[in-house]
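Everything below concerns the one structure shown next.
The values are calculated or read from the model by the stated rules, or taken from the named source; none is laboratory data. None of these values were measured; they are calculated from a predicted model. Here Cβ is always computed from backbone atoms with ideal geometry, including for glycine, and neighbour counts include all displayed protein chains. Please note that ligands, DNA and RNA were not included when accessible areas were found on the heavy atoms of the full protein model with its side chains. Shrake-Rupley method; radii C 1.70, N 1.55, O 1.52, S 1.80 Å.
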Amino acid sequence: MNEYAPIEELLQWQKEFFDSGITKDISWRIQKLRALKYSILLERERVFHALKSDLGKSRFEAFATEISFVIQELDHTIGKTRKWAKPKRVATPPAHHLAKSFIYPEPYGVALIIGPWNYPFHLMIAPLIPAVAAGNCAILKPSELAPQTSKVLAKIISRCFDPSHVTVVEGGPEETQALLREKFDYIFFTGGNRIGQIVMEAAVKNLIPLTLELGGKSPAIVDWDADVRRAARQIIWGKFINAGQTCIAPDHVLAHDSVKEELVAEMKSEIESFYGKDPSKSPDYGRIINEGHFDRLSRYLEDGRIVTGGLSNREERYIAPTILDAVSRESSVMKEEIFGPILPVLGYEKLQDVVSDLQKREKPLALYFFSRSREKQRKILRVTSSGGVAINNVIVQITPRELPFGGVGYSGMGKYHGKAGFETFSNLKGVYQQTVPIDVRIKYPPYGNRLKWMKGFFKWFA
Ligand code: NAD
């Protein structure tokens, strides 16, 4: 629980703070983002320690996927906020030439940001950045399953924000439910589909706009003309980073029958070159978040033939990087999001069969396609739907600052990162401004036979 006050009181403070109009000042917002950056940099050693303690995250991974990501997002947003926040003039029809039209971005008010445990630092700060840039107040609810990171987040936030502007409420489902009973102005949720439904139901009751950043089964397709060695290296890196607990990790591999054997052999050898003969000793290989997830993942090990890996240790929450072959499409490992270090590899004969199958399944958060053919790359983009795509690579689609990130359908709704994040946390208010006080009487009744005059204006209205 927050050390300051009960949830209703916090929300009331934030609503009053928002209504005071302070957050409308763009220079003030930028100053707050700078303070956030400074506070993160000051506490970065604590962030490294917390991530090590919660997830066994190596310093390099913690730097690359959590701290450095949000610092870059902060720098980008600090540089662009003034531009994004400016009202934008748009065309007005000729019949209304004595008026101006413009888009006026305004903040929603108080946002609730709920985060997961897998990138517990990154996934709380990354949505907070656009929330603040767009002029909102925010209450952050980090995951209770990464308790050390949750504590450090609370410290960082309290160092640079007044709690009436941004604050952290620590806790688990009970605290989240209590927050969801309140009437926020925006909800931004990152987590699994099951809790996503609970969040959406709560939002519906008060008609609160929301973003859902969910999970799903992101496939990596390796076609016959792919650079198999390179594909193997990319897939193994993307899959086993954070011990497979990455929302956009390749969930499973679909390989053309003619390259499947070679791909599996290459992936096996990459696992050894990354993590050594015994990955449990590698300082670069993470651990499963808790026993519950360990037990869930262990059951998947029975869903196919283990090509490599398969070893585990419950006490240490360790599961070796594992490749599974001879997996049925009907097995649990192919029906549920894996979210762990188990990689099923399935073969296919025709790319069209893969496409048809994907079209029947829920839309994934990410889709990876390895092929040298531009034509096939274009086809995959045209005929499949997913939150994002990387071609001949994995995970990196989140790095260009201006690529919107988020799911579609079952993998979520709404986008963020860069300008997309600013717009997500803004009501893009459409404004029509009459510049000359002329009142055109034609629109007022009685209409008489004015319809025929309209023909002069609208050529298509013969
Ligand atoms: P989760 O849905 O279990 O938890 C997310 C948040 O919901 C936590 O803060 C938790 O405290 C809260 N919560 C848990 N039970 C609740 C309940 N009954 N009522 C209300 N709130 C509750 O997700 P997780 O296990 O922390 O994260 C893993 C999932 O998140 C995976 O499915 C993964 O794909 C997804 N994910 C998605 C993204 C993305 O950007 N799209 C990023 C990371 C993770």
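A few notes on this one:
- If you check 416, 348, 444 for being hydroxyl-bearing (Ser, Thr, Tyr), at pLDDT 95 or above and not assigned by TED's automatic domain parsing to the domain that holds residue 223, only one passes: 416.
- Members of region 305-331 found to be at positive phi and touching a Ser or Thr at 6+ places or on another chain (Cβ under 9 Å), listed by number: 309, 310
- Residues that are touching a residue at least 24 places away in the same chain (Cβ under 8 Å) and either within 16 Å of the ligand (Cβ to nearest atom) or more than 17 Å from residue 282 (Cα to Cα) (or both), drawn from region 297-318: 297, 299, 300, 301, 303, 304, 307, 317
- From 402, 362, residue being within 16 Å of the ligand (Cβ to nearest atom), touching a Gly at 6+ places or on another chain (Cβ under 7 Å) and open to solvent by 80 Å² or more (accessible area, probe 1.4 Å): 362
- Residue satisfying condition, being aromatic (Phe, Trp, Tyr) and over 30 Å from residue 78 (Cβ atoms), within set 370, 425: 370
- Only residues that are farther than 19 Å from residue 363 by Cα, among the charged types (D, E, K, R) and not in a strand (DSSP E or B) were counted across region 321-338, and they come to 0.
- Here residue 263 passes the criteria (1) crowded, with 16+ Cβ neighbours inside 10 Å; (2) closer than 30 Å to residue 176 by Cβ except the one numbered (2).
- Residue pairs meeting the criteria (Cβ under 6 Å; at least 6 apart or on separate chains; first touching a residue at least 12 places away in the same chain (Cβ under 8 Å), in region 437-462; second open to solvent by less than 90 Å² (accessible area, probe 1.4 Å)): 438/98
- Looking across region 166-185, the residues that are open to solvent by less than 10 Å² (accessible area, probe 1.4 Å) and more than 15 Å from the ligand (Cβ to nearest atom) come down to 166, 167.
- The single residue among 27, 39 that is assigned by TED's automatic domain parsing to the domain that holds residue 83, touching a residue at least 24 places away in the same chain (Cβ under 8 Å) and either farther than 20 Å from residue 145 by Cα or not in a helix (DSSP H, G or I) (or both) turns out to be 39.
- Strands (runs of 3 or more DSSP E) wholly inside region 55-165 that include at least 3 residues being within 16 Å of the ligand (Cβ to nearest atom), within 30 Å of residue 5 (Cα to Cα) and open to solvent by less than 60 Å² (accessible area, probe 1.4 Å): 110-114, 137-141
- Filter result (more than 6 Å from the ligand (Cβ to nearest atom) and open to solvent by less than 60 Å² (accessible area, probe 1.4 Å)) within region 186-201: 186, 187, 188, 189, 193, 196, 199
- Counting the residues of region 418-462 that are small (Gly, Ala, Ser), assigned to a helix (DSSP H, G or I) and surrounded by 10 or more Cβ atoms within 10 Å (Cβ to Cβ) gives 3.
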